[in-house]
Amino acid sequence: MVIALAIGMMAVEESHTGIAQNEDSSVWGVLPWRSMFTMVIFLPAATLMALVSMLVILRNAAVLW
């Protein structure tokens, strides 16, 4: 998903400027690399938050039932 966003935004930037975009000349080209390294750090916290959210949703559904 991040790669598709990066490629799409580089294409938009290239169409506006007329300059070929790649990882060296565009911030969007670096986005997949940056997200790959930060995802390793925040993925456990995001997983824990998703699990807690699902448990709260199930509890609320059971109480409302």
Does Val63 count as loosely packed, with under 10 Cβ neighbours inside 10 Å and of a type outside the set (Gly, Ala, Ser)? yes
Any chance region 6-26 includes a residue that's within 12 Å of the chain's Cα centre (by Cα), of a type in the set (S, T, N, Q) and surrounded by 11 or more Cβ atoms within 10 Å (Cβ to Cβ)? no
Could you please tell me which pairs satisfy a Cβ distance under 7 Å, a separation of 6+ or placement on different chains, a first residue in region 35-64 that is closer than 28 Å to Ala4 by Cα and touching a residue at least 24 places away in the same chain (Cβ under 8 Å), and a second residue that is in a helix (DSSP H, G or I) and not charged (D, E, K, R)? Ser35/Val2
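Readers should treat all values here as calculations from the given coordinates under stated rules, not as data from a laboratory. Predicted model only: the values in this text are computed from it and were never measured. With ideal geometry, Cβ positions are generated from the backbone for all residues, glycine too; neighbour counts draw on all protein chains shown.
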